Structures are given as structure tokens and as C-alpha cells.
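Inspection log for the structure reproduced underneath, given as C-alpha cells.
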Amino acid sequence: MHHRPFLSAVAAACMASGAAAGALAKPPVPAVSEVEQQAIRDAGTRGALLYAYDQAAWHGTDEMMAKLPDARSKVGGWIVDGPAEAPQLVFFDRDTAAPHAVFVADFRNGKLVSSRVAGPGEPALSPERRRLIAARAAATEALKAKGFQRCSAQAMNTVVLPPAAPDAPIYVYLLTPQPDMNTIPFGGHYRVAVGPDGQPGEIRPFTNSCIAMSARPPAGAKSAALVITHLLDPVPTEIHVFSSLVAHVPVMVATKDGRIWAVAGPRITPIGKIAH
């Protein structure tokens, strides 16, 4: 039996408004400035880290709960760092002045490769990791103080990205959780920049409203892509990269200037432009 490619309901809406794939201009591919190319590289790197760290926290929590039965009385929080292909998850104790690891899990290429319950002689976490922990707390409080639109009654997921350079900010993401494995939330995600001094700065949303898309195709179809418009940036963001990795399909993004982008994991490619 042949399977029909399935685009999301947003794709159908685009088609109804005249922005169907057939309305895309033929090559040449739309121009991308040097500034935009750097933004694309940053989005790809951050999106891949977001996904790797979020997956490590998810699967590592299951592993920790199985090996550390009294975890709820010992664990004060967690942090993930390292490269996207080999992140390390550390659950730490309730010593706020000098936290120590109580459980450590290592991942490679999305798979758990080792884990251990930390012993009583474990050294305190490094200053770099303590800075990540402090950044999460500062960002969470700053977002609460500002007030923000929630797109789920569930607790938001948090991911902290280490600074790209010693004087660069730490980016703390507060993400709307998936209500189920077949729904991809695009709205209700926030990024808070925490400076080297530990003070939260820019708080930015990635959408103006709550948006969630089904990744489950109708019966007899297979998912080919998700399609969404994005008005806040000239190019796709790390949230589009993250969502593509979560959904395991490309995300087609139409930006406000009419350019169409294919986001396949960390790869972001301009593929056309909507004809007016």
C-alpha cells in the first residue's frame, strides 16, 4: 500500500491562503546574509544541545530513580553539560553552598552508556557547574517576576546551556512540555540570558501565542514534515531545530519576509520564497 505524505494542519492552512508549495518561487534560492548565516549556525548548535540535554535529563531521571530509591530526600536538582553527542547529567544534593553529585549519568549519541551513584567522598561541583545551577534559579525567578504566558498546566522543563565563551551569557530555556508523545508544542517557550555577573538580562519568547501541532499523521499516511510560520526572527530559531529533533521530521518554516526554510535537526536550509 502506498502511503500519502502528511503535512500538518498548518500546511493545509497555508495552502488555503495561497502559500502552498506550488506557490514557491523557483531557484535561485533566497539570499542569506552573513549575519543570518551566523544566526543559523547558532540556532543549529543551541537546538542540538537543547535536545541532547533534555533527552539526557529525561532518560537519566528514570535511571536515577531505579538506582537511588531515596532520591527524593537527597536530590536538590540536576544539571547537564558537555557536547551534544556526549552530555553528562549530574543530580546534586541539597547543600546550596557547595553542592555535591549524588548520581551521574553519561550519554553518547543519544544512548545511556554509564551511570553511578556518587559516594560520600565526592568533591563539590566545579565553579562552572555551580554557575549553571545559579543561572537556572535566577532565570526562573526573573521570568516569574516579569509574568509570562503559560501554554500548559504542567511544570515547565528547564534546560541550561553553558556559555559559549567565558564572557558570554548562559542561556536558560523554560520549555512547554509535551502533553503526549504525538504533540509538539511550539508556543510557551522562553529563553533567559544570564550574564557573567549572574544577573538575568533579556527574556525572550519564541512565539506570540500558544501553538501545538500534531506529529501523528492520519491513517494511511506518513509524516513528511511540520509546517509553521514564524514572525519574530528573519531565520528559524533553536526551537525549530529542537522541535524537528523531537518530532523526528523536518520543520518547514515560513519567515515574515516570505522565505521558506527546511529545518532538519540542526541543518537549516533556505529552499524558496512564497510568491506574492
- Query: Is there a residue in segment 12-35 that is in a strand (DSSP E or B), polar (S, T, N, Q) and either closer than 27 Å to Pro266 by Cβ or modelled with pLDDT under 95 (or both)?
  - Reply: no
- Exactly one of Ser214, Ser209 is of a type outside the set (A, V, I, L, M), touching a Cys at 6+ places or on another chain (Cβ under 9 Å) and surrounded by fewer than 21 Cβ atoms within 10 Å (Cβ to Cβ), and that residue is Ser209
- Item | Of residues in segment 127-155 being of a type outside the set (Lys, Arg) and in a loop (DSSP other than H, G, I, E, B), the one farthest from Ala168 (Cα to Cα) | Ala153
- strands (runs of 3 or more DSSP E) within segment 59-126 that include 3 or more residues within 18 Å of the chain's Cα centre (by Cα) and buried (at least 17 other Cβ atoms within 10 Å of the Cβ): 77-81
- Task: Write out, first by first residue and then by second, each pair whose Cβ atoms fall under 6 Å of each other, whose residues are 6+ apart or on separate chains, and whose first residue, in segment 251-275, is in contact (Cβ under 8 Å) with a residue 24 or more places away in the chain and closer than 10 Å to Val29 by Cα while the second is among the charged types (D, E, K, R) and surrounded by fewer than 22 Cβ atoms within 10 Å (Cβ to Cβ).
- Result: Arg259/Lys273
- Message: Val80 - would you say it is modelled with pLDDT of 95 or more and over 28 Å from Asp42 (Cα atoms)?
- Response: no
- Query: Got a sec? Which of Phe91, Phe107 is under 22 Å from Tyr171 (Cα atoms), of a type outside the set (D, E, K, R) and in contact (Cβ under 8 Å) with a residue 40 or more places away in the chain?
  - Reply: Phe107
- Query: Somewhere in segment 149-165, is a residue within 14 Å of Tyr51 (Cα to Cα), among the polar types (S, T, N, Q) and touching a residue at least 24 places away in the same chain (Cβ under 8 Å)?
  - Reply: yes
- Note on the structure: Taking segment 47-56 and keeping residues in contact with a strand residue (DSSP E or B) (Cβ under 6 Å, 6 or more places away or on another chain) and farther than 12 Å from Gly110 by Cβ leaves Leu49, Leu50
- Every residue from segment 169-198 that is farther than 14 Å from Thr140 by Cβ, exposed (fewer than 13 other Cβ atoms within 10 Å of the Cβ) and of a type outside the set (D, E, K, R): Met181
- Any pair with Cβ under 8 angstrom, 6 or more apart, that starts in segment 71-82 at a residue that is over 13 Å from Arg130 (Cβ atoms) and ends at one that is in a loop (DSSP other than H, G, I, E, B): Lys74/Leu68; Lys74/Asp93; Lys74/Arg94; Val75/Leu68; Val75/Asp93; Val75/Arg94; Val80/Pro87
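The values are calculated or read from the model by the stated rules, or taken from the named source; none is laboratory data. Note that the coordinates shown come from a computational prediction; the quantities given were computed from them, not determined experimentally. With ideal geometry, Cβ positions are generated from the backbone for all residues, glycine too; neighbour counts draw on all protein chains shown.
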